[in-house]
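First comes the structure, then the notes that go with it.
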Amino acid sequence: MIKVEVPLGDRSYSVLVGPGAVNKLNSLIPADAERAFVVTQAGVGVTVDPGIPYQVAHIPDGEEAKILTTVGNLCSSFAEFGITRRDIIIGVGGGVVTDVAGFAASVYHRGVRVIHVATTLLAQIDAAIGGKTGVNLPEGKNLVGTFWQPSGVICDTSVLNNLPEREMIAAMGELAKYHFLGGSQLDKLPLDQRIAACIQIKADVVALDEREGAGRALLNYGHTLGHALEIAGSFDLRHGEAVAIGLKYAALLALTLGRIDESRVAAHQAVLDAYSLSSRLPPKANHEDLVDLCGKDKKAFDGFTFVLDSSDGLEVVSGIPREALLSALKLMEISE
Ligand SMILES: NC(=O)c1ccc[n+]([C@@H]2O[C@H](COP(=O)([O-])OP(=O)(O)OC[C@H]3O[C@@H](n4cnc5c(N)ncnc54)[C@H](O)[C@@H]3O)[C@@H](O)[C@H]2O)c1
């Protein structure tokens with residue numbers, strides 16, 4: 001079992017990684033918690049026993065479930081079961097469950113402790129770590145949320161055996177991102193160590209910038225176009241698949257702006273290839289619409305804002321001209 005610490009003062013916590021880690025759940029339950037409320041989905045198929053009286057609620061599947069109505073329903077269920085501020089919420093599932101359970105925990109009684117049992121690769125390397133919670137609005141993804149650190153996270157790698165292949169590959173989009181955040185040798189590690197190494201990278205970033213003042217924004221590498229593709233709605237892309245396309249696009253945008261050269265773009269392509277990730281824009285993608293959606297990104301404080309590569313590594317770059325965004329989209333089609 002590998003243990004990674006997320007060092008955040010009195011909000012510090014451990015992440016346990018390895019096969020069978022779910023059996024260590026009891027070790028993370030706070031001694032004074034009297035009841036637990038497990039939030040999961042029907043398809044997750046991972047059962048947990050917190051060792052104290054508990055109730056289980058299933059939320060619906062997919063991004064459509066990441067809405068305030070789901071949070072309201074959960075909070076009513078917490079109240080019916082008598083969850084108090086001393087008790088514990090346990091999110092068992094992928095990023096949708098951990099985002100929703102984390103958000104519900106953060107607002108119920110103005111904050112109840114939460115443990116995440118992350119059951120997708122994407123949740124293990126990213127969504128369950130770092131304390132960002134949230135739900136979608138019709139106007140955009142993750143527009144309502146909180147920073148609410150969990151009391152602990154379990155990443156049981158054996159449950160990944162049941163994950164559909166597409167979910168595994170999609171998560172590789174987030175894994176590929178970590179290659180540009182100091183994890184250039186990640187693909188050489190066995191899966192458990194690779195997951196732990198990603199968690200360590202994220203923990204280091206979050207420890208320096210818990211509430212996304214500056215450094216944490218770098219974790220959004222590849223996400224600006226990725227989110228635009230997800231919001232555009234009609235492309236049937238998993239989050240990680242959209243991020244993979246967004247990583248290639250960010251490299252081509254950096255090339256367009258003269259920040260990196262062709263060899264660095266090739267390095268991006270090599271990482272995407274190593275994880276069998278497609279970087280093709282969906283054939284019906286409308287460039288003007290995608291650029292408009294990039295402008296609506298919640299991190300776009302100062303014109304078009306992207307995390308972009310440079311000879312000094314990743315940086316947040318604002319005020320990028322619309323023409324550059326359109327040129328890089330054309331390069332995406334040429335480079336296919
Ligand atoms: N909070 C953050 O920092 C953060 C970071 C990255 C992504 N996210 C969010 O994460 C979400 C995506 O998460 P995801 O990719 O895990 O998708 P997901 O949560 O929708 O899970 C994918 C599917 O796999 C099923 N599943 C989960 N575990 C399984 C298992 N072990 N075996 C079989 N099936 C299983 C789920 O029921 C679901 O149908 C997005 O909403 C994204 O915005 C949040």
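The values are calculated or read from the model by the stated rules, or taken from the named source; none is laboratory data. Just so you know, these numbers come straight off a predicted model, no measurement behind them. Glycine also receives a Cβ, built like all others from the backbone with ideal geometry; neighbour counts cover every protein chain displayed.
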Just one listed residue, out of LEU247, LEU237, is at pLDDT 95 or above and either over 17 Å from LEU314 (Cα atoms) or in contact with a Phe, Trp or Tyr (Cβ under 8 Å, 6 or more places away or on another chain) (or both), and it is LEU247
* Residue check for ALA250: within 30 Å of LEU137 (Cα to Cα) and among the aliphatic types (A, V, I, L, M) -> yes
Filtering region 43-78 down to residues that are part of a helix (DSSP H, G or I) and over 15 Å from GLY111 (Cβ atoms) yields GLU63, GLU64, ALA65, LEU68, THR69, THR70, GLY72, ASN73, SER76, SER77
Checked ALA57, ALA31 against criteria (free of Cβ contacts under 8 Å to residues at least 40 places away in the same chain, more than 26 Å from VAL206 (Cα to Cα), among the small types (Gly, Ala, Ser) and in contact with a helix residue (DSSP H, G or I) (Cβ under 7 Å, 6 or more places away or on another chain)); the one match is ALA57
ALA79: passes all of (1) surrounded by fewer than 17 Cβ atoms within 10 Å (Cβ to Cβ); (2) within 25 Å of ALA217 (Cα to Cα); (3) hydrophobic (A, V, I, L, M, F, W, C) but (2)
Filtering region 44-58 for residues that are farther than 11 Å from VAL92 by Cα and either aromatic (Phe, Trp, Tyr) or within 16 Å of the ligand (Cβ to nearest atom) (or both) leaves a count of 1
Apart from one, (1) of a type outside the set (A, V, I, L, M, F, W, C); (2) in contact (Cβ under 8 Å) with a residue 40 or more places away in the chain; (3) outside any loop (DSSP other than H, G, I, E, B) all hold for SER318; the odd one out is (2)
Given (1) within 13 Å of LEU253 (Cβ to Cβ); (2) surrounded by 14 or more Cβ atoms within 10 Å (Cβ to Cβ), ALA285 misses just (1)
The lone condition ILE125 fails out of (1) among the aliphatic types (A, V, I, L, M); (2) within 21 Å of LEU186 (Cβ to Cβ); (3) within 10 Å of the ligand (Cβ to nearest atom); (4) part of a strand (DSSP E or B) is (4)
Counting only residues in region 137-155 that are under 15 Å from the mean Cα position of the chain (by Cα) and polar (S, T, N, Q), the one nearest to the ligand (Cβ to nearest atom) is identified as ASN142
The residue that is surrounded by the fewest Cβ atoms within 10 Å (Cβ to Cβ), considering only those in region 233-268 that are within 16 Å of the ligand (Cβ to nearest atom) and among the β-branched types (Val, Ile, Thr), is ILE245
Reported set for region 74-102 where residues are out of contact with any Leu (no Cβ under 9 Å at 6 or more places or on another chain) and within 16 Å of the ligand (Cβ to nearest atom) is LEU74, GLY91, VAL92, GLY93, VAL96, VAL97, THR98, ASP99, GLY102
When region 248-277 is checked residue by residue, the ones that are outside any loop (DSSP other than H, G, I, E, B) and of a type in the set (Phe, Trp, Tyr) are TYR249
Selection over region 104-118 where residues are more than 13 Å from the chain's Cα centre (by Cα) and either within 8 Å of the ligand (Cβ to nearest atom) or among the aliphatic types (A, V, I, L, M) (or both) yields a count of 7
